[in-house]
Amino acid sequence: MLPTFSDMAPNIEVTFEENHTMELIEMLKLGKIDFAVLHIDKAHKEDASLNFKYIRSSRFLLATSKNHPICIEFKAETHLKYPAIDLKALENERFILTDHDQMSRTIARRIFKVAGITPAKTLITRNILTASKLAESGFGVTFFPEMYLKLINFENNIDLYTVGDDAFTSWDLVVATLNNDYQPKAASAFIKLIEDFA
């Protein structure tokens, strides 16, 4: 996407700011960035100071090592691509979670609440890829956004399971801008590219 934009606007300098959702929203409100590409849940869409351009949704799946001994029975009961799993069966397993201030952790808290469990053991990381690779190795289990499967090759070393209704297990990928704010032409062109590539 960036090479395409660079060809379209060779004199425009692009600077990326990588951070978690809440920090990006704050930077946007302070005028430090023109727009933010981020994941949000339904609650953040109610911020009247921001405009959210929906790109796509993605549900979170439970990722485990291949043929995890507790999960294998759930896998055997169905021929679905991602079998449903009862998280209560895993309550005593180690859950590898992202940090408290990350949107993926907000989704995990919601999943636990609906499932009625509190994990006995957790390991915290700031990186979903790290969490998924640890789960792949058998060190624990984690939640993983389905849309990221296009970006990461697990070489069939993990099993994935659905953990509930998409209404509470999903996040939306959006482009956030300030509401009623002037948008530079270059930023508008880049946002259009994001929509086209999604």
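The values are calculated or read from the model by the stated rules, or taken from the named source; none is laboratory data. Owing to the predicted nature of the structure, the values given are computational and were not obtained by experimental measurement. Cβ placement follows ideal geometry from the backbone for every residue including glycine, while neighbour counts extend to all protein chains displayed. Accessible surface areas use protein heavy atoms only, side chains included; no ligands, DNA or RNA. Shrake-Rupley method; radii C 1.70, N 1.55, O 1.52, S 1.80 Å.
A few comments on the model shown:
- Over the Cα atoms of the range 54-109, the radius of gyration divided by the Kirkwood radius equals 1.01; this is the Rg/Rh ratio.
- Of K113/K150; K66/K133; K88/K133, those spanning more than 18 Å from alpha-carbon to alpha-carbon: K113/K150; K88/K133
- Sorted largest first, the principal axis extents computed over the alpha-carbon atoms of the range 82-133 equal 25, 24, 21 Å.
- For the chain, the equivalent ellipsoid derived from the Cα gyration tensor has semi-axes of 35, 18, 15 Å, listed largest first.
- Building the convex hull from the alpha-carbon atoms of the range 84-176 and averaging its projection over directions returns 6.3 nm².
- Rounded percent of accessible protein surface that carbon and sulfur make up, the chain, 1.4 Å probe: 50
- Sorted largest first, the principal axis extents computed over the alpha-carbon atoms of the range 147-198 equal 46, 26, 13 Å.
- Remark: the range 71-198 carries a charge dipole of roughly 300 debye about the Cα centre, counting +1 on each Lys and Arg Cβ and -1 on each Asp and Glu Cβ.
- The alpha-carbon atoms of the range 1-75, seen along their principal axes, cover 56, 34, 19 angstrom, with the largest extent given first.
- Annotation: per residue accessible area for the chain equals 56 Å², rounded to a whole number [probe 1.4 Å, protein chains only].
- The trypsin sites (Lys or Arg not before Pro) of the range 106-165 that DSSP puts in a loop, and whose beta carbon has at most 15 other beta carbons within 10 Å, are R126.
- For the chain, calculated [θ]222 nm from helices alone, where every DSSP H run of n ≥ 4 adds -39500 (n - 2.57): -8500 deg cm²/dmol
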